[in-house]
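Engineer: So that we are looking at the same thing, I have put the structure below in C-alpha coordinates.
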Amino acid sequence: MDLNKSFIEFFNKNKNVKLYGEVIDKYFNNSPKCRYCNNFIYYYDSTFKISHGELITKGKSFNNKKTLDKDYYLSICESCLIIKFPEYNKKNKARVFNQMNYITEYAFDIPSNVSKEWVKNKYVISECNLIKKWGFEIGAIKWLEYKKKQSMSNTFEYKNEKYGWDREKFDEFNKSRSVTIENLIKKHGEEEGLLIWDKYCEKQRYSTSLNYFIDKHGLDNGTLIYDNFCKKRLSGIGYSMVSKNLFDILSERFKEYSLFYAENEWFSYDCVNKKYYLIDFYIKELNIGIEFNGDIWHANPIKYSANDKPISFQNDYTAEYIWEKDKIKNEYLKTKLNKLIIIWESDFYKDGIDNTIDKILKIING
Ligand SMILES: [Zn+2]
(Lines give C-alpha, C1' and ligand atoms only; values in the text may rest on other atoms or scores of the structure.)
Protein backbone atom coordinates (compact mmCIF):
# COMPACT_ATOMS: atom_id res chain seq x y z
CA MET A 1 0.00 0.00 0.00
CA ASP A 2 1.39 3.37 -0.99
CA LEU A 3 0.84 6.56 0.88
CA ASN A 4 -0.84 8.38 -1.90
CA LYS A 5 -4.06 9.93 -2.93
CA SER A 6 -5.24 6.97 -4.95
CA PHE A 7 -4.86 4.76 -1.90
CA ILE A 8 -7.01 7.13 0.11
CA GLU A 9 -9.59 7.12 -2.68
CA PHE A 10 -9.44 3.34 -2.72
CA PHE A 11 -9.94 3.19 1.02
CA ASN A 12 -12.87 5.56 0.92
CA LYS A 13 -14.57 3.50 -1.79
CA ASN A 14 -13.99 0.20 -0.02
CA LYS A 15 -14.31 1.25 3.57
CA ASN A 16 -14.37 -1.55 6.08
CA VAL A 17 -12.94 -2.51 9.43
CA LYS A 18 -10.45 -4.94 7.98
CA LEU A 19 -8.89 -2.53 5.52
CA TYR A 20 -8.86 0.15 8.19
CA GLY A 21 -7.14 -2.19 10.62
CA GLU A 22 -4.48 -3.06 8.07
CA VAL A 23 -3.56 0.57 7.51
CA ILE A 24 -3.65 1.37 11.19
CA ASP A 25 -1.45 -1.65 11.93
CA LYS A 26 1.07 -0.66 9.34
CA TYR A 27 1.33 3.09 9.84
CA PHE A 28 0.15 3.90 13.32
CA ASN A 29 1.77 2.53 16.42
CA ASN A 30 -0.22 2.09 19.57
CA SER A 31 -3.52 3.05 18.06
CA PRO A 32 -6.34 2.93 20.56
CA LYS A 33 -8.44 -0.23 20.68
CA CYS A 34 -12.06 -0.68 21.61
CA ARG A 35 -12.33 -1.35 25.34
CA TYR A 36 -15.13 -3.82 24.66
CA CYS A 37 -14.04 -5.93 21.65
CA ASN A 38 -10.36 -4.94 21.46
CA ASN A 39 -10.52 -4.18 17.72
CA PHE A 40 -9.24 -0.91 16.31
CA ILE A 41 -11.70 1.87 16.88
CA TYR A 42 -13.24 2.12 13.45
CA TYR A 43 -16.08 4.49 12.60
CA TYR A 44 -17.64 4.78 9.24
CA ASP A 45 -16.55 8.41 8.93
CA SER A 46 -12.92 7.45 9.60
CA THR A 47 -10.64 8.15 6.70
CA PHE A 48 -7.06 9.12 6.00
CA LYS A 49 -5.43 12.18 4.61
CA ILE A 50 -1.92 13.18 3.71
CA SER A 51 -0.65 16.22 5.52
CA HIS A 52 2.93 17.43 5.15
CA GLY A 53 3.79 14.14 3.46
CA GLU A 54 2.49 12.10 6.37
CA LEU A 55 -0.55 9.90 6.56
CA ILE A 56 -2.95 11.06 9.24
CA THR A 57 -6.37 9.86 10.28
CA LYS A 58 -9.53 11.86 9.97
CA GLY A 59 -12.80 11.08 11.63
CA LYS A 60 -13.70 9.73 15.00
CA SER A 61 -11.15 7.06 15.70
CA PHE A 62 -8.69 9.28 17.57
CA ASN A 63 -11.13 11.79 18.93
CA ASN A 64 -10.90 13.21 22.35
CA LYS A 65 -13.36 15.17 24.35
CA LYS A 66 -12.12 17.93 26.57
CA THR A 67 -13.92 18.30 29.83
CA LEU A 68 -13.11 20.44 32.80
CA ASP A 69 -10.81 18.00 34.49
CA LYS A 70 -9.10 16.22 31.58
CA ASP A 71 -9.33 14.85 28.06
CA TYR A 72 -11.37 11.73 27.54
CA TYR A 73 -10.61 9.50 24.57
CA LEU A 74 -13.00 7.56 22.43
CA SER A 75 -12.69 3.98 23.61
CA ILE A 76 -15.57 2.18 21.93
CA CYS A 77 -15.77 1.16 18.29
CA GLU A 78 -18.79 1.94 16.19
CA SER A 79 -20.11 -1.62 16.00
CA CYS A 80 -19.95 -2.05 19.77
CA LEU A 81 -21.68 1.29 20.18
CA ILE A 82 -24.48 0.14 17.88
CA ILE A 83 -24.86 -3.11 19.79
CA LYS A 84 -25.20 -1.19 23.02
CA PHE A 85 -27.37 1.64 21.63
CA PRO A 86 -29.19 0.56 18.42
CA GLU A 87 -30.79 4.01 18.25
CA TYR A 88 -27.33 5.47 17.49
CA ASN A 89 -27.89 4.38 13.87
CA LYS A 90 -30.87 6.65 13.49
CA LYS A 91 -29.15 9.69 14.88
CA ASN A 92 -27.14 12.30 13.06
CA LYS A 93 -23.80 10.72 13.83
CA ALA A 94 -21.77 13.85 13.41
CA ARG A 95 -23.92 15.53 16.04
CA VAL A 96 -23.93 12.79 18.63
CA PHE A 97 -20.28 13.39 19.35
CA ASN A 98 -20.48 17.15 19.22
CA GLN A 99 -22.49 17.26 22.35
CA MET A 100 -22.71 15.42 25.62
CA ASN A 101 -25.32 12.73 26.11
CA TYR A 102 -25.59 9.16 27.35
CA ILE A 103 -23.97 7.87 24.15
CA THR A 104 -20.91 10.13 24.31
CA GLU A 105 -20.69 9.45 28.03
CA TYR A 106 -20.41 5.76 27.28
CA ALA A 107 -18.20 6.03 24.19
CA PHE A 108 -15.66 8.25 25.96
CA ASP A 109 -16.13 6.62 29.35
CA ILE A 110 -16.95 9.89 31.04
CA PRO A 111 -18.37 9.75 34.57
CA SER A 112 -21.86 11.21 34.63
CA ASN A 113 -21.04 13.90 37.18
CA VAL A 114 -18.30 15.14 34.85
CA SER A 115 -20.61 15.19 31.85
CA LYS A 116 -23.30 17.03 33.81
CA GLU A 117 -20.77 19.68 34.75
CA TRP A 118 -19.70 19.92 31.11
CA VAL A 119 -23.26 20.52 29.92
CA LYS A 120 -23.87 23.04 32.64
CA ASN A 121 -20.77 24.98 31.72
CA LYS A 122 -21.36 24.80 28.03
CA TYR A 123 -24.79 26.32 28.24
CA VAL A 124 -24.33 28.92 30.91
CA ILE A 125 -24.41 32.31 29.31
CA SER A 126 -21.11 34.11 29.65
CA GLU A 127 -19.11 36.25 27.32
CA CYS A 128 -16.56 33.51 26.98
CA ASN A 129 -19.09 30.81 26.14
CA LEU A 130 -20.96 32.99 23.70
CA ILE A 131 -17.75 33.77 21.85
CA LYS A 132 -16.67 30.16 21.86
CA LYS A 133 -20.03 29.17 20.51
CA TRP A 134 -20.79 31.94 18.03
CA GLY A 135 -17.39 33.15 17.00
CA PHE A 136 -16.11 36.50 18.01
CA GLU A 137 -18.37 38.79 16.08
CA ILE A 138 -21.75 37.33 16.81
CA GLY A 139 -20.73 36.18 20.28
CA ALA A 140 -19.67 39.66 21.32
CA ILE A 141 -22.85 41.18 19.97
CA LYS A 142 -24.98 38.52 21.68
CA TRP A 143 -23.20 39.22 24.93
CA LEU A 144 -23.83 42.96 24.62
CA GLU A 145 -27.48 42.33 23.78
CA TYR A 146 -27.75 39.99 26.68
CA LYS A 147 -26.19 42.46 29.06
CA LYS A 148 -28.36 45.26 27.75
CA LYS A 149 -31.49 43.23 28.28
CA GLN A 150 -30.34 42.27 31.74
CA SER A 151 -29.35 45.76 32.69
CA MET A 152 -32.86 47.17 32.76
CA SER A 153 -34.72 45.34 35.48
CA ASN A 154 -32.03 42.93 36.29
CA THR A 155 -29.33 44.81 38.06
CA PHE A 156 -28.15 43.33 41.30
CA GLU A 157 -29.00 46.59 43.01
CA TYR A 158 -32.59 46.43 41.76
CA LYS A 159 -33.13 42.83 42.81
CA ASN A 160 -31.36 43.39 46.05
CA GLU A 161 -33.47 46.37 46.92
CA LYS A 162 -36.77 44.99 45.71
CA TYR A 163 -36.49 41.36 46.81
CA GLY A 164 -33.58 41.41 49.21
CA TRP A 165 -31.55 38.97 47.10
CA ASP A 166 -27.93 38.32 47.90
CA ARG A 167 -25.24 37.98 45.23
CA GLU A 168 -25.46 34.20 45.12
CA LYS A 169 -29.19 34.14 44.58
CA PHE A 170 -28.82 36.81 41.94
CA ASP A 171 -26.13 34.86 40.03
CA GLU A 172 -28.18 31.71 40.15
CA PHE A 173 -31.17 33.53 38.77
CA ASN A 174 -29.08 34.85 35.88
CA LYS A 175 -27.76 31.43 35.05
CA SER A 176 -31.26 30.01 34.94
CA ARG A 177 -32.29 32.51 32.31
CA SER A 178 -30.32 30.97 29.43
CA VAL A 179 -33.05 32.14 27.14
CA THR A 180 -32.66 30.55 23.75
CA ILE A 181 -31.60 27.11 24.85
CA GLU A 182 -34.22 26.94 27.51
CA ASN A 183 -36.91 27.82 25.02
CA LEU A 184 -35.68 25.27 22.54
CA ILE A 185 -35.70 22.61 25.22
CA LYS A 186 -39.19 23.62 26.30
CA LYS A 187 -40.38 23.39 22.73
CA HIS A 188 -38.57 20.27 21.52
CA GLY A 189 -37.57 18.35 24.63
CA GLU A 190 -34.07 18.22 26.03
CA GLU A 191 -32.27 16.06 23.52
CA GLU A 192 -33.82 17.47 20.37
CA GLY A 193 -33.65 21.04 21.72
CA LEU A 194 -29.93 20.81 22.41
CA LEU A 195 -29.41 19.24 19.00
CA ILE A 196 -31.14 22.11 17.25
CA TRP A 197 -29.17 24.59 19.29
CA ASP A 198 -25.87 22.89 18.48
CA LYS A 199 -26.66 22.68 14.81
CA TYR A 200 -27.59 26.31 14.65
CA CYS A 201 -24.46 27.40 16.47
CA GLU A 202 -22.21 25.20 14.39
CA LYS A 203 -23.34 26.93 11.24
CA GLN A 204 -22.62 30.39 12.59
CA ARG A 205 -19.36 29.50 14.13
CA TYR A 206 -16.82 28.27 11.66
CA SER A 207 -16.24 31.35 9.54
CA THR A 208 -15.35 33.46 12.55
CA SER A 209 -13.39 30.80 14.39
CA LEU A 210 -9.69 30.52 15.00
CA ASN A 211 -9.71 27.19 13.10
CA TYR A 212 -11.03 28.91 10.02
CA PHE A 213 -8.18 31.41 10.07
CA ILE A 214 -5.61 28.71 10.68
CA ASP A 215 -7.00 26.59 7.83
CA LYS A 216 -6.86 29.60 5.58
CA HIS A 217 -3.55 31.19 6.52
CA GLY A 218 -1.54 28.54 8.32
CA LEU A 219 -0.90 28.35 12.04
CA ASP A 220 1.25 31.41 12.69
CA ASN A 221 -0.30 33.93 10.38
CA GLY A 222 -3.75 32.50 10.94
CA THR A 223 -3.40 33.07 14.67
CA LEU A 224 -2.09 36.57 14.13
CA ILE A 225 -4.77 37.54 11.65
CA TYR A 226 -7.39 36.05 13.96
CA ASP A 227 -6.06 38.15 16.85
CA ASN A 228 -6.30 41.19 14.69
CA PHE A 229 -9.78 40.23 13.58
CA CYS A 230 -10.83 39.88 17.21
CA LYS A 231 -9.22 43.16 18.07
CA LYS A 232 -11.17 44.85 15.30
CA ARG A 233 -14.40 43.27 16.43
CA LEU A 234 -13.69 44.23 19.99
CA SER A 235 -12.86 47.63 18.65
CA GLY A 236 -15.97 47.89 16.56
CA ILE A 237 -17.92 47.69 19.74
CA GLY A 238 -15.61 49.34 22.22
CA TYR A 239 -12.48 51.38 22.15
CA SER A 240 -11.87 51.51 18.43
CA MET A 241 -14.83 53.78 17.92
CA VAL A 242 -12.79 56.10 20.04
CA SER A 243 -9.58 55.45 18.16
CA LYS A 244 -11.37 55.84 14.82
CA ASN A 245 -12.56 59.22 15.97
CA LEU A 246 -9.04 60.19 16.97
CA PHE A 247 -7.59 59.03 13.66
CA ASP A 248 -10.29 60.82 11.66
CA ILE A 249 -9.33 64.08 13.32
CA LEU A 250 -5.65 63.34 12.92
CA SER A 251 -6.12 62.60 9.23
CA GLU A 252 -7.45 66.13 8.78
CA ARG A 253 -4.07 67.40 9.96
CA PHE A 254 -2.20 65.23 7.47
CA LYS A 255 -4.41 65.68 4.44
CA GLU A 256 -1.51 66.05 2.05
CA TYR A 257 0.00 62.68 3.04
CA SER A 258 -0.86 59.12 2.17
CA LEU A 259 -2.56 57.73 5.25
CA PHE A 260 -3.36 54.15 6.12
CA TYR A 261 -5.83 53.34 8.88
CA ALA A 262 -9.20 51.76 9.69
CA GLU A 263 -10.24 49.56 6.73
CA ASN A 264 -7.09 50.49 4.90
CA GLU A 265 -4.52 49.42 7.45
CA TRP A 266 -0.83 49.38 6.68
CA PHE A 267 1.19 46.28 7.45
CA SER A 268 4.75 45.18 7.42
CA TYR A 269 6.04 41.68 6.94
CA ASP A 270 8.70 40.49 9.33
CA CYS A 271 10.75 37.99 7.29
CA VAL A 272 12.65 36.72 10.31
CA ASN A 273 9.62 35.84 12.42
CA LYS A 274 7.47 35.32 9.32
CA LYS A 275 4.65 37.47 10.61
CA TYR A 276 2.50 40.27 9.36
CA TYR A 277 2.28 43.27 11.63
CA LEU A 278 -0.52 45.72 11.22
CA ILE A 279 -0.33 49.33 12.30
CA ASP A 280 -3.35 51.29 13.46
CA PHE A 281 -2.35 54.53 11.73
CA TYR A 282 0.47 55.00 9.25
CA ILE A 283 1.76 58.12 7.53
CA LYS A 284 3.63 56.86 4.50
CA GLU A 285 5.79 59.84 3.51
CA LEU A 286 6.96 60.37 7.08
CA ASN A 287 7.18 56.64 7.75
CA ILE A 288 5.55 57.14 11.12
CA GLY A 289 3.21 54.65 12.77
CA ILE A 290 0.74 55.20 15.57
CA GLU A 291 -0.69 52.42 17.66
CA PHE A 292 -3.78 52.92 19.76
CA ASN A 293 -3.48 50.33 22.49
CA GLY A 294 -6.72 49.20 24.07
CA ASP A 295 -6.23 48.62 27.79
CA ILE A 296 -7.71 45.13 27.73
CA TRP A 297 -6.32 43.94 24.44
CA HIS A 298 -2.79 45.08 25.22
CA ALA A 299 -2.99 44.41 28.95
CA ASN A 300 -2.19 47.93 30.07
CA PRO A 301 0.52 47.45 32.74
CA ILE A 302 -0.99 50.14 34.94
CA LYS A 303 -4.14 48.02 35.15
CA TYR A 304 -2.91 44.44 34.95
CA SER A 305 -0.15 42.48 36.57
CA ALA A 306 1.86 39.74 34.91
CA ASN A 307 -0.40 36.79 35.72
CA ASP A 308 -3.73 38.46 35.01
CA LYS A 309 -5.71 37.29 32.03
CA PRO A 310 -7.36 40.43 30.77
CA ILE A 311 -8.99 39.00 27.63
CA SER A 312 -11.91 37.00 28.89
CA PHE A 313 -12.11 34.60 25.94
CA GLN A 314 -8.36 34.06 25.61
CA ASN A 315 -7.88 31.88 28.65
CA ASP A 316 -4.21 31.28 28.00
CA TYR A 317 -3.17 34.90 27.33
CA THR A 318 -1.58 36.23 30.46
CA ALA A 319 -0.67 39.90 30.61
CA GLU A 320 2.96 38.85 30.55
CA TYR A 321 2.40 36.88 27.35
CA ILE A 322 0.65 39.83 25.73
CA TRP A 323 3.47 42.21 26.74
CA GLU A 324 6.02 39.85 25.27
CA LYS A 325 4.06 39.60 22.02
CA ASP A 326 3.76 43.38 21.80
CA LYS A 327 7.42 43.82 22.66
CA ILE A 328 8.49 41.65 19.74
CA LYS A 329 6.13 43.51 17.46
CA ASN A 330 7.24 46.95 18.63
CA GLU A 331 10.91 46.13 18.42
CA TYR A 332 10.44 44.95 14.89
CA LEU A 333 8.41 48.02 13.95
CA LYS A 334 11.01 50.36 15.43
CA THR A 335 13.54 48.98 12.97
CA LYS A 336 11.17 49.72 10.09
CA LEU A 337 9.67 53.05 11.09
CA ASN A 338 11.13 56.48 11.69
CA LYS A 339 8.89 56.72 14.72
CA LEU A 340 6.44 54.47 16.50
CA ILE A 341 3.97 56.32 18.69
CA ILE A 342 1.89 54.39 21.18
CA ILE A 343 -1.26 55.90 22.67
CA TRP A 344 -2.82 54.03 25.55
CA GLU A 345 -6.59 53.98 25.81
CA SER A 346 -6.50 55.03 29.46
CA ASP A 347 -4.17 57.98 28.70
CA PHE A 348 -6.49 59.00 25.93
CA TYR A 349 -9.47 59.10 28.28
CA LYS A 350 -7.41 60.99 30.83
CA ASP A 351 -5.96 63.56 28.37
CA GLY A 352 -8.94 64.03 26.09
CA ILE A 353 -8.85 64.16 22.33
CA ASP A 354 -7.30 67.63 21.87
CA ASN A 355 -4.39 67.01 24.21
CA THR A 356 -3.81 63.62 22.65
CA ILE A 357 -3.62 65.19 19.18
CA ASP A 358 -1.18 67.80 20.53
CA LYS A 359 0.91 65.09 22.09
CA ILE A 360 1.06 63.16 18.81
CA LEU A 361 1.92 66.29 16.80
CA LYS A 362 4.70 67.14 19.24
CA ILE A 363 6.26 63.72 18.84
CA ILE A 364 5.92 63.83 15.06
CA ASN A 365 7.46 67.30 14.82
CA GLY A 366 9.96 66.81 17.61
ZN1 LIG B 1 -15.70 -2.76 19.79
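Engineer: Only one of (1) in contact (Cβ under 8 Å) with a residue 24 or more places away in the chain; (2) in a helix (DSSP H, G or I); (3) more than 24 Å from the chain's Cα centre (by Cα) fails for I302. Which number is that?
Structural biologist: Every listed condition holds for I302 apart from (2).
Engineer: Could you tell me which residue of segment 215-248 is modelled with the highest pLDDT, considering only residues that are surrounded by 13 or more Cβ atoms within 10 Å (Cβ to Cβ) and over 23 Å from Y317 (Cβ atoms)?
Structural biologist: Per the stated criteria, the residue is F247.
Engineer: Scanning for something within 16 Å of the ligand (Cβ to nearest atom), over 32 Å from the mean Cα position of the chain (by Cα) and more than 30 Å from W118 (Cα to Cα), does segment 7-17 turn up at least one residue?
Structural biologist: Within segment 7-17, the first condition is being within 16 Å of the ligand (Cβ to nearest atom), and the residues that meet it are 16-17.
Of the ones still in play, those that are also over 32 Å from the mean Cα position of the chain (by Cα) are 16-17.
Filter again for more than 30 Å from W118 (Cα to Cα), leaving 16-17.
Looking for residues that are within 16 Å of the ligand (Cβ to nearest atom), over 32 Å from the mean Cα position of the chain (by Cα) and more than 30 Å from W118 (Cα to Cα), one finds at least one in segment 7-17, hence yes.
Engineer: Among the residues that make up segment 179-199, is at least one of them touching a helix residue (DSSP H, G or I) at 6+ places or on another chain (Cβ under 6 Å), modelled with pLDDT under 65 and surrounded by 12 or more Cβ atoms within 10 Å (Cβ to Cβ)?
Structural biologist: Checked segment 179-199: at least one residue is touching a helix residue (DSSP H, G or I) at 6+ places or on another chain (Cβ under 6 Å), modelled with pLDDT under 65 and surrounded by 12 or more Cβ atoms within 10 Å (Cβ to Cβ).
Engineer: Quickly run through segment 331-366 and pick out the residues that are crowded, with 16+ Cβ neighbours inside 10 Å and in a helix (DSSP H, G or I).
Structural biologist: Y332, L333, E345, D347, F348, T356, I357, I360, I364, listed by residue number.
Engineer: Quickly run through segment 18-30 and pick out the residues that are assigned to a loop (DSSP other than H, G, I, E, B) and either of a type in the set (G, A, S) or within 12 Å of the ligand (Cβ to nearest atom) (or both).
Structural biologist: none
Engineer: Oh, and also: Could you list all residues from segment 270-284 that are over 19 Å from I357 (Cα atoms), part of a loop (DSSP other than H, G, I, E, B) and not polar (S, T, N, Q)?
Structural biologist: Quick first cut of segment 270-284, residues over 19 Å from I357 (Cα atoms) only: 270-278.
Still in the list and also part of a loop (DSSP other than H, G, I, E, B): 271-274.
The answer is C271, V272, K274.
Engineer: Something else about it: Residue by residue through segment 75-116, note down the ones that are out of contact with any helix residue (DSSP H, G or I) (no Cβ under 7 Å at 6 or more places or on another chain), among the β-branched types (V, I, T) and free of Cβ contacts under 8 Å to residues at least 12 places away in the same chain.
Structural biologist: Across segment 75-116, the qualifying residue is only I83.
Engineer: Sticking with this structure for a sec: Residue check: is F267 outside any helix (DSSP H, G or I) and modelled with pLDDT under 90?
Structural biologist: yes
Engineer: Quick check: is even one residue across segment 1-12 over 30 Å from L219 (Cβ atoms) and either modelled with pLDDT of 85 or more or not in a loop (DSSP other than H, G, I, E, B) (or both)?
Structural biologist: Yes - at least one qualifying residue is present in segment 1-12.
Engineer: I'd like the residue in segment 311-330 that is farther than 28 Å from D248 by Cα and polar (S, T, N, Q) and, out of all such residues, is surrounded by the most Cβ atoms within 10 Å (Cβ to Cβ).
Structural biologist: T318
The values are calculated or read from the model by the stated rules, or taken from the named source; none is laboratory data. Since the structure is predicted, the reported quantities are computational estimates derived from the model, not experimental observations. With ideal geometry, Cβ positions are generated from the backbone for all residues, glycine too; neighbour counts draw on all protein chains shown.
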